[in-house]
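**Q** Sharing a structure, written as structure tokens. Questions coming.
Nothing in this text is a laboratory measurement; each read-out follows from the coordinates by a stated rule. Note that this is a predicted model, so its numbers are computed, not measured. Here Cβ is always computed from backbone atoms with ideal geometry, including for glycine, and neighbour counts include all displayed protein chains.
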Amino acid sequence: MPAFSLGASVVFADIDPVTLGLDAADIERRITSRTKAIVVVHYLSHPADMDPILQVAAKHGVKVIEDVSHALGGLYKGRPLGTIGDVGAMSMMTGKAFAIGEGGMMVTRDQTVYERAIAFGHYERYGSNIETPELQPYIGIPLGGIKYRMHQLSSAVGRVQLKYYEERIAEIERAMSYFWEGLSGLPGIRPHRPEAGSGSRNGGWYAARGRYEPVALGGLSVTSFCAALRAEGVLSVSPGCNLPLHLHPFFHSADVYGHGKPTNLAHANRDLRQPVGSLPVTESISARLFALPWFKHEWRDQIDEYVLAFRKVIAQHQELLAVDTGNPPTLGGWHFFNHSSKKD
Ligand SMILES: *Cc1c(COP(=O)(O)O)cnc(C)c1O
């Protein structure tokens, strides 16, 4: 969405059904001479498969922006997420695994990119120490017109939190591993996590999902599977993941800046809108995912109770099939904090 404010357009590529990150082959099919950058989300705390994406980017001379907001502290083949592409962007808003209030961080090892970011979004920090020649005439003015920096208090909170973050995500990793060990050998469910020994790891297990294989449970829908778990008291499970963003009307019809046409087409030389059916993996993945309880502590007695509930539901999947009404037409979605003056 921020691409719109830069006069850029957005084209979505499909995802890999295992990592749930971008599929490099599908990215390559969509690259044109006008493509500037690939934005890779390390989705649901799992690292995207970066090597093939970097290869495609290098071949076509486009930049790679990693969005690490779901996977803070994650690793890809031993490398910290956010340090692999040209730029790493990290939201650290309230809900994330590393939460500091409202704020985020951008990392890059490219001095020009760094200075362009400062020039774009800082007021009274964009001074004569800027080395990039093409930015020097504009010193003093935030080129993006908006002061983007975070509130200092969030930054102060974050600097303290950072000292503990490795320790905290190590405990989350132990707790989530203990949970999945308790479920090993059961049909139909598997963790969405990198292979052991790959050097990759989930980052804080933010918004983590279990992978769901309906055929292994006689075709039981993920909706009924989650409903049964909720009936057992596991209230933190729900089917699916985020809705497919390429189908959101924002990318089809919103005219944000008054161009007299959809903003996503305002600077495009063709119709970039992606209709239903254009990203088959993305559009069908929700039937094969469910949200997990997010264990922050290795409290084994409590985790054991969750494991028991999962075991019970899976053991009785035949009985559940008899009352399974299937999945609704749309699964998953976002959690909204509604703006409302009414009392909920
Ligand atoms: C939370 C999130 C953002 C937005 O972060 P803000 O700090 O709310 O602007 C962007 N990308 C991903 C993947 C996120 O999860």
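**Q** Name the residue, out of SER155, SER128, that is of a type in the set (Ser, Thr, Tyr) and assigned to a helix (DSSP H, G or I).
**A** SER155
**Q** When the residues of the stretch 64-79 are filtered to those that are surrounded by fewer than 20 Cβ atoms within 10 Å (Cβ to Cβ) and assigned to a loop (DSSP other than H, G, I, E, B), which remaining residue is farthest from the ligand (Cβ to nearest atom)?
**A** GLY78
**Q** Please verify whether GLU173 is without any contact (Cβ under 8 Å) to a residue 60 or more places away in the chain, out of contact with any helix residue (DSSP H, G or I) (no Cβ under 6 Å at 6 or more places or on another chain) and of a type outside the set (A, V, I, L, M), treating the condition exactly as stated.
**A** Considered against the rule, which asks whether it is without any contact (Cβ under 8 Å) to a residue 60 or more places away in the chain, out of contact with any helix residue (DSSP H, G or I) (no Cβ under 6 Å at 6 or more places or on another chain) and of a type outside the set (A, V, I, L, M), GLU173 comes out as yes.
**Q** Mind listing whichever residues of the stretch 261-288 are in contact with a Gly (Cβ under 6 Å, 6 or more places away or on another chain) and not polar (S, T, N, Q)?
**A** HIS267
Rundown of residues vs (1) under 22 Å from the mean Cα position of the chain (by Cα); (2) over 30 Å from GLY103 (Cα atoms), yes/no style:
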residue: SER128; (1), (2): no, no
residue: LEU135; (1), (2): no, no
residue: ALA156; (1), (2): no, no
residue: ARG159; (1), (2): no, no
residue: LEU162; (1), (2): yes, no
residue: GLU166; (1), (2): yes, no
residue: SER184; (1), (2): no, yes
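**Q** Testing MET1 on (1) within 12 Å of the ligand (Cβ to nearest atom); (2) surrounded by 17 or more Cβ atoms within 10 Å (Cβ to Cβ), one condition comes back false. Which one is that?
**A** (2)
**Q** Looking only at the stretch 107-120, filter to residues that are within 16 Å of the ligand (Cβ to nearest atom) and assigned to a helix (DSSP H, G or I); which one of those is farthest from GLY82 (Cα to Cα)?
**A** Among those that are within 16 Å of the ligand (Cβ to nearest atom) and assigned to a helix (DSSP H, G or I), it is PHE120.
**Q** Turning to a different aspect of this structure: State all residues of the stretch 11-63 that are of a type in the set (Val, Ile, Thr), away from the ligand (no atom under 15 Å from the Cβ) and either closer than 17 Å to ARG201 by Cα or in contact (Cβ under 8 Å) with a residue 40 or more places away in the chain (or both); if no residue qualifies, say none.
**A** Hits for the stretch 11-63 are VAL11, VAL18.
**Q** For the stretch 53-63, how many residues meet the condition of being part of a helix (DSSP H, G or I) and more than 19 Å from the chain's Cα centre (by Cα)?
**A** 6
**Q** With respect to SER224, determine if the residue is crowded, with 16+ Cβ neighbours inside 10 Å, of a type in the set (Ser, Thr, Tyr) and closer than 26 Å to ILE100 by Cα.
**A** Taking the combined requirement at face value, the residue does not satisfy it.
**Q** Restricting to the stretch 80-106, give me the number of residues that are touching a residue at least 24 places away in the same chain (Cβ under 8 Å) and more than 15 Å from the ligand (Cβ to nearest atom).
**A** Going through the stretch 80-106 one residue at a time, the tally reaches 3.
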